[in-house]
Structures are given as C-alpha cells and as structure tokens.
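Chemist: Pasting in a structure now, in structure tokens, and then I'll have a few things to ask.
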Amino acid sequence: MPDIGGASDDRSTAVARGDAVQGGVIHGDVHIHGPSISDRDGVTNTSRVAVGRSLPRDIPNFVGRAKELSVLKEALRSWSAERPPVVVVTGMAGVGKTALAVRLAHQVADDYPDGQLFVSLGSRLYANRPADDVLTELLYSLGVPPNEIPQESAERASLYRYMLDGRQVLIVLDGVDDSRQIEQLIPRSPTCAIVVTSRHRLIQLESAADLYLDTMSHAEAVEILARIIGGAASSDYDNLERLADALGRLPLALSVAGAQLARRPGLALTDFVAQLQRGVAEASAPDSKPIIRAFDQAFADLDVNQARAFLLLSQFPGPQFDVDAAASMLDSTLEATELILTRLAAMSLLSQHDGEHRRYRYHDLIRTYARSHAEAKPAERKSALVRLLLWYIARVRDAVQVLTSMSTPSEPKAEAVAWLEGERETFLALTEQAATAGSAARVQDLSDLLFPVLPAARTLVGLPSSSRECAQGRPPRLEPGGRSAHSQQSQRRLPRATPIC
C-alpha cells in the first residue's frame, strides 16, 4: 500500500451518470420508497433510488489535524477512470482515527452529492464483522427494500456495485481488522470514494493510500484541553502541556480529562495533573497507561446512579442504544435516564449521535474499561440483560402486529421494517448473550416473533431457531398475544447463532 503522496487529476471533473437527488441534510435513518430494483438488468440509472446520509455528527471540539486533512483530501482527488480512490487511516486506539474520518467526510460531502455512508466493521465488541453483513447494511442505506436484498453473497455484492455505478457516493468503513473484510465493499465506479480506518496497516489492500495517524502535537493537545476546560485554566499553558503529556496526547484521553475539569471548575489544574502523574507512576501494567488513568479519574467523579449506568450500559449487546433501551436496562424512568446519558456524554464517556431518535455509543476502549469494572456484579448484569430482552420482545411484538395487520397503512409498516433492520445487529448479539446467560426460553420467544416479518425483512438472519416453517420459507401462525404456535410446542433448547432463512 503506498503512502499518501501528491494529488493528480482534479476530482471535480467527475460527471455522475443518472439522477442525483439531494434534499438537504438528513439525520438518522433514511426511508426511501421507490420502484422495485429486482429487474435491475433492464432498468436505467434514473430509476434507482437516491442515497441517504448516515454519517455520525461532526466532533464539536475537533482541533488540529489540518495537515492530515489536507493530505487526505488530495488523496481523494487522486482518482482514475478505472477505480475509485481508497484512503486508509491507521493508528493506535484512542488516537482519533474515526473522528478524523468523520471530519473529512463532512468537509468533502459536497463532492459526493449522492450520499455519504458510514458503517462500522469491527471493534472489540464485533471483531471481523462479515462482509455479507456489512453489504446488507449498505444496501439498505442505498434504498434497497429488505425483501429484495439477495441471499447469495455474490448476488448481494453485484447489486451493491450496480447501485453505486455512476454515482458520487462517499463510504466510510470504520474499524477494519483485515483487508479481506472489505474486498467486496469497494465499488467499481471511479466516481465513488472509500475512507477506511484501521488499527493495522492493510498491506494487502491494493492501490490504497495509507496515512498513519500519530498522537497530537503539543500545541494541538493543549488547544483541545483549553477549549474544553475554558475559564482561567485555559490560559495556564505550562500545566496544560504537563497534563497533555501525562495523557499521552491522545485525543480520547484529552477529551475525557478536559470534560471532567470543565465540570469541576473548583478543581485546581495543578492538583489534577499531580494526581494523574502520581497515578501513572504508582499503577502497574496495564493500568499504567495514561488513558486508563484518565478513565479512572472520570469514573471516580460520577455519582452512584451515574456510575451504575456507566457500568451496566456497557453490557448493551449492540453497537448503539437509545434512551428507551437504556431505561429498560437501568429499570429507570426515561427522564432520569436521559439526564444520566447527557451527563455521561458531557464527560466524553459516551458519544452521542443525533437523529430522529438520539442514540449513544461507547468508544471501544471506554466500553472495555467499563466492562472490566462491571464484572464484579454478575447478578445485576444478568437482571439488566433480562429486562432488555423483555423490552425488545415487547417492541418486536408491536412491530409484528403492525406488519401483519391488513388495516395498517404502508408508512407505519415501512417504519416497522426500518426499525427491525436497524436493530438487526443488536438482535444477533442479544440472542447469543441472553442464551449464554440462561435465558434461552425468552430468546425463543424473540426468535419466534421475528419469523412472520422475515418475508418483509429477509435481512434479519442469524437468529437462533428450530423452526421447520422458517427453513421452508413459511412463517408460523401467530396466536393471540403475538406468540407462534411453534413456540408453544417446541421444548428444544436453542443452538447459538444458527442462521435461519
């Protein structure tokens, strides 16, 4: 993989074929109703649906990286008539790879009027996510109805390439572990572009430009702290520089520590730096890492309810969650839960994603830190998981009733399918985690409830099942209350993560 060099042709000369539809900035899930693409071999480009926008929101306190952004923009313009540009941002955990990729995507969004897509491929929670799974998510974002997404991997990849032919679309693939993960995700159209983030250099990814992201400069690190902290402390350059060095000049650690200081204006900067340096000197590996010490001090600053939420919510099986799901895990009200989530986000212990429904997620390192502290409370963790599973069963039952009701208008049905598809990763992880925790019977309830909607949302695959009807492509008959006749008869315990339909 070549290191990023100079630019060649100006990408602005690219001409998109087909209709490009842009309706301003769109947040959250995009639901597009358009013509069927099942007969795509005979369909012109103009009949394809428009592409949505799924970028996370930009980082409000983003500082520096001007040189890196300039280099990446030039690399995106270095395209040819044969293939799309691919740029890869590599670096250690917490160095700000995702933040840089998202900032880049927002800055060049106008160059890709047909859409900007973001998808997470791997993390400590979802290592080596299969390409088929990612293709499903991307096709859905491209407006392909769930019941028209092919089951065969080759056909799915072919449809993906077709949907992007002649379009100007930017695709951010975050957290790639292996170049083999994304071989099928690189479109053939040179009018598209790919931005990849990875902790490893993907040497087998041909014709890609590689940028290694180092820790921040002293000036950039101090500027981040000064912006977040504010007040008189923001002008104390010497102590800010000492703090930045103690935190390894890692953006994630700087954000967490800066947020803590901003919330406690009475805490002297010199005392905070001394505490952090003393903790680093006294701790043994691996806790001697400055970033872990920053988490320790932020965690110590939480009250009892906030600390409990921080630990329990790290057990959430999916990539991100909303206030309702969090409230179910915490066994709390929506109002109290929202206050806690807002507090955790303000301390940079959670990242917030705005959309039609506000959602939250953990950085991989912070999730790992929280889970390590939650291990001492297995009973409380299991209770939270059961509450979450029951909450999802109720939500899925509501969605099934909407989809199976003859009197329900098409728009609510589309919204129900969109919600089911958006929660697919969570369903997969939740069923496996709950079955392991001894809740297989409730997992069966969730699995059976999903059977009737599979013809309308065929991408909901991978759930544990013992259903003969599903294997034959026929949903089971629903009994009053939403349970299937099959679930009432079956006594068989479930295998883990067995694909269905």
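The values are calculated or read from the model by the stated rules, or taken from the named source; none is laboratory data. On a predicted model such as this, the values are computed, not experimentally measured, just so you know. Here the Cβ positions follow ideal geometry from the backbone for every residue, glycine too, while neighbour counts run over all protein chains shown. When the accessible area is computed, the model is the full protein with side chains, heavy atoms only, and any ligands, DNA or RNA have been set aside. Shrake-Rupley method; radii C 1.70, N 1.55, O 1.52, S 1.80 Å.
Chemist: Any idea which of (1) hydrophobic (A, V, I, L, M, F, W, C); (2) open to solvent by 20 Å² or more (accessible area, probe 1.4 Å); (3) not in a helix (DSSP H, G or I) is the one A226 doesn't satisfy?
Modeler: (3)
Chemist: What are the residues in the range 202-214 that are modelled with pLDDT under 90, surrounded by 14 or more Cβ atoms within 10 Å (Cβ to Cβ) and not small (G, A, S), if any?
Modeler: L202, L205, D210
Chemist: Another question about this same structure. If you check L349 against the conditions, is it outside any loop (DSSP other than H, G, I, E, B) and either at pLDDT 80 or above or within 30 Å of D58 (Cβ to Cβ) (or both)? Give the steps one after another, and end with the answer.
Modeler: Numbers: outside any loop (DSSP other than H, G, I, E, B): no; either at pLDDT 80 or above or within 30 Å of D58 (Cβ to Cβ) (or both): yes.
Considered against the rule, which asks whether it is outside any loop (DSSP other than H, G, I, E, B) and either at pLDDT 80 or above or within 30 Å of D58 (Cβ to Cβ) (or both), L349 comes out as no.
Chemist: Let me ask you something else. What about T90, is it touching a strand residue (DSSP E or B) at 6+ places or on another chain (Cβ under 6 Å), open to solvent by 40 Å² or more (accessible area, probe 1.4 Å) and modelled with pLDDT of 65 or more?
Modeler: For T90, the condition - touching a strand residue (DSSP E or B) at 6+ places or on another chain (Cβ under 6 Å), open to solvent by 40 Å² or more (accessible area, probe 1.4 Å) and modelled with pLDDT of 65 or more - is not met.
Chemist: Taking the range 105-148, which residues are part of a helix (DSSP H, G or I), modelled with pLDDT of 80 or more and over 17 Å from the mean Cα position of the chain (by Cα)?
Modeler: Q107, A109, D110, D111, E148
Chemist: Going residue by residue through the range 400-414, is there one that turns out to be open to solvent by less than 10 Å² (accessible area, probe 1.4 Å) and modelled with pLDDT of 80 or more?
Modeler: The answer is yes; a qualifying residue exists.
Chemist: Can we say A244 is more than 26 Å from V87 (Cα to Cα), out of contact with any Lys or Arg (no Cβ under 6 Å at 6 or more places or on another chain) and either in a loop (DSSP other than H, G, I, E, B) or in contact (Cβ under 8 Å) with a residue 40 or more places away in the chain (or both)?
Modeler: On the way: more than 26 Å from V87 (Cα to Cα): yes; out of contact with any Lys or Arg (no Cβ under 6 Å at 6 or more places or on another chain): yes; either in a loop (DSSP other than H, G, I, E, B) or in contact (Cβ under 8 Å) with a residue 40 or more places away in the chain (or both): no.
Considered against the rule, which asks whether it is more than 26 Å from V87 (Cα to Cα), out of contact with any Lys or Arg (no Cβ under 6 Å at 6 or more places or on another chain) and either in a loop (DSSP other than H, G, I, E, B) or in contact (Cβ under 8 Å) with a residue 40 or more places away in the chain (or both), A244 comes out as no.
Chemist: Same structure again: Can you tell me which residue among L202, L211 is under 23 Å from the mean Cα position of the chain (by Cα), assigned to a loop (DSSP other than H, G, I, E, B) and over 30 Å from V273 (Cβ atoms)?
Modeler: Numbers: L211 fails: assigned to a loop (DSSP other than H, G, I, E, B).
None of the others qualify; the one that does is L202.
Chemist: Turning to a different aspect of this structure: On the basis of being modelled with pLDDT of 85 or more, open to solvent by 70 Å² or more (accessible area, probe 1.4 Å) and part of a helix (DSSP H, G or I), does A379 make the cut?
Modeler: yes
Chemist: Please indicate, with yes or no, whether at least one residue in the range 397-414 is touching a Ser or Thr at 6+ places or on another chain (Cβ under 9 Å) and in contact (Cβ under 8 Å) with a residue 60 or more places away in the chain.
Modeler: Yes, the conditions are met somewhere in the range 397-414.
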